[in-house]
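J.: To start, I am sharing the structure in question, which I have written as structure tokens.
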Amino acid sequence: MTRQIAFQYVGGKSGVLKYLFPDNQEAPSFNRYYEPFVGGGAAFFYLAQVRPTQAWISDTCPNVINTLIQIRDNHVALTNLCIDNVRKFHDRRAYWREVRDGYNDITDPLQKAAAFIFLQNFSLYSGRGAAILPAKNARMPRPFQSLSAALQNADISLTCFRSTPIRKNSLYYFDPPFFGQHHTYSTKFDLQDHYDLKLFCDKVNKKGSYFILSLGHHKVVQSLYDGYHLTRIARPPPTRSRGRGLGAMPTDGEVIVRNFKN
């Protein structure tokens, strides 16, 4: 099974898919999939291969949503722009800084998506999520054709988890910012947001649907989700960050919360 992502993203789940969706797990039956914190889409694109179904994905980051829309609607042109960016970077390392410094001035959605992918994939990040240095290696991007095909079955929305529809016979996957790490994300996500998310999970459960939730191991998590099924896992160390940058997670691991047995 090929694991796919649209781009590298803080807190990405490519490294823990085997814990989220174990091969030997009898997955619950569902008719629709919801993912409010989609990011780079590792979980969505994985399920699109093994359990293709209608989906509703969202994020509060406009750059994420625009990029997913461009992958869905303009994957050939986007692939060519991404390849061109990597070639320019190979020719001139200073090109990375030009893209970073000029990013906010880009108005064309397709050009914006190509620049976003370039910076996400080829940057080292500070503890506050800022791109500070170019990565040493820049490989040519793969064509976005298969990702585009998966996104044809998805509604893509720029909104927070509170606006996610609650439906029967559905599977919800939540990957919010971990406690104390909202500074590495595009928007603040504080303790009240975590309480609200817990109430949202309760509503999903009451509706008769299923949810999976990823969170950093924390005593508040243990308390909030008492009564649900919690699985603690080790988290791989970050590979492209300085300090607590892209991919950095709590040192005491991660917790997966479910309202069904795995």
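J.: Taking Asn31 and the conditions (1) of a type outside the set (Asp, Glu); (2) within 25 Å of Val255 (Cβ to Cβ); (3) more than 12 Å from the chain's Cα centre (by Cα), which numbered condition does it fall short on, given that it satisfies the others?
T.: Only one criterion is unmet by Asn31, namely (2).
J.: Quick one: in the stretch 119-143, of everything that is small (Gly, Ala, Ser) and in contact with a Leu (Cβ under 8 Å, 6 or more places away or on another chain), which residue is modelled with the highest pLDDT?
T.: My answer is Ser123.
J.: Also, quick follow-up: Does the stretch 62-72 include one or more residues that are surrounded by fewer than 18 Cβ atoms within 10 Å (Cβ to Cβ), touching a Phe, Trp or Tyr at 6+ places or on another chain (Cβ under 9 Å) and over 30 Å from Pro165 (Cα atoms)?
T.: The answer is no, given that none of the residues of the stretch 62-72 is surrounded by fewer than 18 Cβ atoms within 10 Å (Cβ to Cβ), touching a Phe, Trp or Tyr at 6+ places or on another chain (Cβ under 9 Å) and over 30 Å from Pro165 (Cα atoms).
J.: Within the stretch 174-194, can you find the residues that are at pLDDT 80 or above and over 18 Å from Val220 (Cα atoms)?
T.: Correct list: empty.
J.: Given the condition assigned to a loop (DSSP other than H, G, I, E, B), crowded, with 16+ Cβ neighbours inside 10 Å and at pLDDT 95 or above, answer yes or no: does some residue in the stretch 165-173 qualify? Full working, then the answer.
T.: First, pick out the residues of the stretch 165-173 that are assigned to a loop (DSSP other than H, G, I, E, B): 165-169.
In the following step, the residues that additionally are crowded, with 16+ Cβ neighbours inside 10 Å were identified as 167.
The next check asks that each one be at pLDDT 95 or above; those that pass are 167.
Yes, because at least one residue in the stretch 165-173 is assigned to a loop (DSSP other than H, G, I, E, B), crowded, with 16+ Cβ neighbours inside 10 Å and at pLDDT 95 or above.
J.: Here's another thing I want to ask about it. Which condition breaks for Gly227 when tested against (1) farther than 25 Å from Val64 by Cβ; (2) of a type in the set (Gly, Ala, Ser); (3) at pLDDT 95 or above?
T.: (3)
J.: Only helices (runs of 4 or more DSSP H) wholly contained in the stretch 55-130 count here; list those with 2 or more residues that are more than 20 Å from the chain's Cα centre (by Cα) and of a type in the set (Phe, Trp, Tyr).
T.: Of the helices (runs of 4 or more DSSP H) lying wholly inside the stretch 55-130, those with at least 2 residues that are more than 20 Å from the chain's Cα centre (by Cα) and of a type in the set (Phe, Trp, Tyr) span 95-102.
J.: Which one is modelled with the lowest pLDDT, of the residues in the stretch 144-158 that are within 20 Å of Thr79 (Cα to Cα) and assigned to a loop (DSSP other than H, G, I, E, B)?
T.: Filtering the stretch 144-158 for residues that are within 20 Å of Thr79 (Cα to Cα) and assigned to a loop (DSSP other than H, G, I, E, B), the one modelled with the lowest pLDDT comes out as Phe144.
The values are calculated or read from the model by the stated rules, or taken from the named source; none is laboratory data. This one's a predicted model, so the numbers in the text were calculated from it and none came from an experiment. Using ideal geometry, Cβ is built from the backbone for each residue, glycine included, and neighbour counts are taken over all protein chains shown.
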